[in-house]
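Undergrad: Got a structure for you, questions after.
The values are calculated or read from the model by the stated rules, or taken from the named source; none is laboratory data. Because the structure is a prediction, the values reported are computed rather than measured. Cβ placement follows ideal geometry from the backbone for every residue including glycine, while neighbour counts extend to all protein chains displayed.
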2 protein chains.
Amino acid sequence: MSSAGAPFTLRATDASSKARAGILHTRRGPVETPVFMPVGTQGTVKAVSPEELRQLGAKIILGNTYHLHVRPGDALIERLGGLHRFAAWDDAILTDSGGFQVFSLAKLRRITEEGVHFQNHVDGSPTFIGPAESMTIQRRLGSDVVMAFDECPPHPCSHEEAARSLERTLRWERESLAWWDGQPNRPLVFGIVQGSSHADLRERSARELAAMRFDGYAIGGVSVGEPEPEMMAAVERSEPFLPPDRARYAMGLGTPPQLLEMVARGVDMFDCVLPTRLARNGTAFTRHGTIGLKNAAFAEDPSPIEENCSCPACRSFSRAYLRHLVKAEEILGLRLISLHNLHFYLSLMRQTRATILDGTFPSFRRNFVAGYRAHATPPPD
Amino acid sequence: MSSAGAPFTLRATDASSKARAGILHTRRGPVETPVFMPVGTQGTVKAVSPEELRQLGAKIILGNTYHLHVRPGDALIERLGGLHRFAAWDDAILTDSGGFQVFSLAKLRRITEEGVHFQNHVDGSPTFIGPAESMTIQRRLGSDVVMAFDECPPHPCSHEEAARSLERTLRWERESLAWWDGQPNRPLVFGIVQGSSHADLRERSARELAAMRFDGYAIGGVSVGEPEPEMMAAVERSEPFLPPDRARYAMGLGTPPQLLEMVARGVDMFDCVLPTRLARNGTAFTRHGTIGLKNAAFAEDPSPIEENCSCPACRSFSRAYLRHLVKAEEILGLRLISLHNLHFYLSLMRQTRATILDGTFPSFRRNFVAGYRAHATPPPD
């Protein structure tokens, strides 16, 4: 547990679901939950400046342990004063364990009981990351919310394979937490529930981690290509065994309705590359679903991406202008759509929190999910 | 002449050179000169937002007639309320004539006495632009400073060829100016001095245009691949025959010392893609010359691009961070370097103006040019 006191305060729970409003207490200040955390993979949220993130109301962003270890290097970042100073971000930073990228990006992987040997995807240098290495990297970066080192098995994964991976991961997570013993002003340290799609393994993982008393709990091994019902099941199979006085974080997802459904299942924290990744393809989120701004239907559309949206793109620019920028491959186009999409996710979580606090979450959730289609067609005229 | 009164007020002239401080009076407000105008080729200054341009102190930007005519189309922009509203820019916009791009980008060009037939570089559609077409496009865009339609001959160009081109251009320019007769609240209309590297043709061009009483005068056919002494000579051969009560604009150049040398030769207005184009390659301007931020020498350099620079990049970010962003191909890197480079050019012209007004321009020019090398080496240590 963080030396600063309780890592999480529960403020309210929805009466008809498991949705919660709370506060995550980081050493860089409180973070109101449910919360969306923009992803700053390489020490920058793609196409967006720290100043813009602050204006959007982001209070916590992600950095990727694997990416920053490979380039420019965590030792270099530490010598330059840590990731906050390097990237000019004063609020909280959460770093992942590196595990997910090692398993999705690195080449020539070899897993041992101690950790993972691999060649990185940038220059092929041989590297080893185990629990101590992951914690060291995250400490050097200056992370405020550290993830325990875990293995992220592929989907699908047999029970036998998943069970073997889980035992190794539980040991790595215990070592990760112990690594911080006695360190002053230490960050929050989160455990990660694994167990693939197997209910008994999810339960075992959650129970074991809960007993270790982490500062918070991530649900890992989701958004790895499984169908949506399995994604929901992974949370449903883990959540009942996690302590209610700790934040829960569903890693790497998802669509706006998925976030609301996850909130209803007791999840407090989210990160996802969709808002910025889709923006770079000219796709914008609206409460009716995504719209592709390359669509000829928007060529002369003077309206903003979404009426009554207060984001910097919608305040000043038309769909017609954004379409022109995207078609002409101008950077301002993907910048503005990135801002809109991040605003959409950040304010969706702010609204969600407000409705949990005032008791209207059930209708908010129902109406939002009913009104949202994966791909909204252009509005008539 | 603009219906609003004198198009240009001369405030001061340097005692030992032809450097001038003045005010260009556009219908969107006064613009202090010498001035640098960021280039918004396709309706956006590359990688930079209009809000950022305002914060950098830009008072006038360029739009490219040819590019915007081809995509998204000047008629579309007019229907959406003009380029100012389309691109959310409330201050002055200058548009070029389209001539330069027709001659540098378009395919299958055929010049007649009436104008130029060509296929555009985006979809190959056959197009014709003559004086009336160029004026119509610029009016639809809502330009505040319109350029007469001209032919931009290649370099080098024989006297015979240049003379034939000049006669055609002078006729086109006369037709361009006449096109605006009787239009209310019309923009400023500038003539463009041509004549290639031939002194007698430059003189003839400048004298003829001066007699037509344009609102200002551009010097064209520079920065088309000629050596620097010829670039200077093109100005020296034109300027004496231009009326002192009109602004002079050297099109499409240049390096920071070239701008100062042009100012010393009586030029008031500049546009150039160098600040943004070099930024996208990771190159930043400093008063000692450009630095390539990919250079390994900057890998752990905690200092800003330039000490005491007040731009948004230098206020918050180190060379080390910028190098990381450039190496990792992150958009924030070229955004920040673009801001720095534009700030460099804009503030160079603001300082130049201040020194002309307080009488210190000669030493400012001398010291700046002496201290600037094309490529500054990384500082020791």
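Undergrad: Just checking, does segment A:33-42 include any residue being part of a strand (DSSP E or B), away from chain B (no Cβ under 13 Å) and under 30 Å from B:ILE337 (Cα atoms)?
TA: yes
Undergrad: Hey, could you check segment A:356-381 for residues that are among the hydroxyl-bearing types (Ser, Thr, Tyr) and touching a strand residue (DSSP E or B) at 6+ places or on another chain (Cβ under 9 Å) and say which is modelled with the highest pLDDT?
TA: The qualifying residue modelled with the highest pLDDT is A:TYR372.
Undergrad: Can B:PRO257 be described as surrounded by fewer than 23 Cβ atoms within 10 Å (Cβ to Cβ), of a type outside the set (Val, Ile, Thr) and in contact (Cβ under 8 Å) with a residue 24 or more places away in the chain? Before the answer, list the steps.
TA: Numbers: surrounded by fewer than 23 Cβ atoms within 10 Å (Cβ to Cβ): yes; of a type outside the set (Val, Ile, Thr): yes; in contact (Cβ under 8 Å) with a residue 24 or more places away in the chain: yes.
It is true that B:PRO257 is surrounded by fewer than 23 Cβ atoms within 10 Å (Cβ to Cβ), of a type outside the set (Val, Ile, Thr) and in contact (Cβ under 8 Å) with a residue 24 or more places away in the chain.
Undergrad: Something else about it: Anything in segment B:86-112 that is surrounded by 16 or more Cβ atoms within 10 Å (Cβ to Cβ) and assigned to a strand (DSSP E or B)? List them, or say none.
TA: Within segment B:86-112, B:ALA92, B:ILE93, B:LEU94, B:THR95 qualify.
Residue-by-condition table, conditions (1) among the aromatic types (Phe, Trp, Tyr); (2) farther than 23 Å from B:LEU332 by Cα; (3) at pLDDT 95 or above:
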position: A:ASP91; (1), (2), (3): no, no, yes
position: A:VAL116; (1), (2), (3): no, yes, no
position: A:PRO153; (1), (2), (3): no, yes, no
position: A:HIS159; (1), (2), (3): no, yes, yes
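Undergrad: Taking interchain pairs and intrachain pairs at least six residues apart, which have beta carbon atoms under 9 angstrom, with the first residue in segment B:66-85 and more than 8 Å from every other protein chain (Cβ to nearest Cβ) and touching a residue at least 12 places away in the same chain (Cβ under 8 Å) and the second among the aromatic types (Phe, Trp, Tyr) and not in a helix (DSSP H, G or I)?
TA: Cβ pairs passing all conditions: B:LEU83/B:TRP89.
Undergrad: Limited to segment B:229-249, what total is found for residues that are within 21 Å of B:ILE23 (Cα to Cα), over 18 Å from the mean Cα position of the chain (by Cα) and free of Cβ contacts under 8 Å to residues at least 40 places away in the same chain?
TA: Total satisfying the criteria: 3.
Undergrad: Which of the residues spanning segment B:217-241 are farther than 21 Å from B:VAL273 by Cα and buried (at least 24 other Cβ atoms within 10 Å of the Cβ)?
TA: B:SER238
Undergrad: Now, a different point. Scan segment A:354-378 for residues that are assigned to a helix (DSSP H, G or I) and in contact with a helix residue (DSSP H, G or I) (Cβ under 7 Å, 6 or more places away or on another chain) and jot them down.
TA: Going through segment A:354-378, the residues assigned to a helix (DSSP H, G or I) turn out to be A:354-358, A:361-371.
Listed by number, the residues that qualify are A:THR355, A:PHE361, A:PHE364, A:ARG365, A:PHE368, A:VAL369.
Undergrad: Is it the case, given these coordinates, that A:GLU226 is closer than 24 Å to A:THR26 by Cα and either touching a residue at least 60 places away in the same chain (Cβ under 8 Å) or within 14 Å of the chain's Cα centre (by Cα) (or both)?
TA: No, not satisfied.
Undergrad: Given the criterion of a type in the set (D, E, K, R) and within 14 Å of chain B (Cβ to nearest Cβ), identify the matching residue among A:ARG109, A:ARG54.
TA: So the residue among A:ARG109, A:ARG54 that is of a type in the set (D, E, K, R) and within 14 Å of chain B (Cβ to nearest Cβ) is A:ARG54.
Undergrad: Just a yes or no: is a residue in segment A:310-325 of a type in the set (Lys, Arg) and surrounded by 19 or more Cβ atoms within 10 Å (Cβ to Cβ)?
TA: yes
Undergrad: Does A:ARG213 count as in contact (Cβ under 8 Å) with a residue 12 or more places away in the chain, surrounded by fewer than 17 Cβ atoms within 10 Å (Cβ to Cβ) and out of contact with any strand residue (DSSP E or B) (no Cβ under 6 Å at 6 or more places or on another chain)?
TA: yes
Undergrad: Let me ask another. For segment B:350-368, what are the residues that are over 24 Å from the mean Cα position of the chain (by Cα) and of a type in the set (D, E, K, R)?
TA: Going through segment B:350-368, the residues over 24 Å from the mean Cα position of the chain (by Cα) turn out to be B:358-360, B:363, B:367.
If the condition is that a residue be over 24 Å from the mean Cα position of the chain (by Cα) and of a type in the set (D, E, K, R), then B:ASP358 is the only one that fits.
Undergrad: Okay, moving on. Exactly one condition in (1) closer than 25 Å to B:ASN185 by Cβ; (2) among the aliphatic types (A, V, I, L, M); (3) surrounded by fewer than 24 Cβ atoms within 10 Å (Cβ to Cβ) is not met by B:ALA21; state its number.
TA: (1)
Undergrad: Is it the case, given these coordinates, that B:GLY333 is exposed (fewer than 14 other Cβ atoms within 10 Å of the Cβ), at pLDDT 95 or above and not assigned by TED's automatic domain parsing to the domain that holds B:LEU259?
TA: So B:GLY333 does not fit the description; no.
Undergrad: Residue by residue through segment B:46-79, note down the ones that are assigned to a helix (DSSP H, G or I) and either of a type in the set (Phe, Trp, Tyr) or farther than 22 Å from B:PRO30 by Cα (or both).
TA: B:THR65, B:TYR66, B:HIS67, B:LEU68, B:HIS69, B:VAL70, B:ASP74, B:ALA75, B:LEU76, B:ILE77, B:GLU78, B:ARG79
Undergrad: Strands (runs of 3 or more DSSP E) wholly in segment B:116-206 with at least 2 residues that are surrounded by 24 or more Cβ atoms within 10 Å (Cβ to Cβ) and out of contact with any Pro (no Cβ under 7 Å at 6 or more places or on another chain) - which ones? If you could, list the steps in order and put the result at the bottom.
TA: Working: elements: B:116-119, B:126-129, B:145-147, B:188-193.
So the answer is B:188-193.
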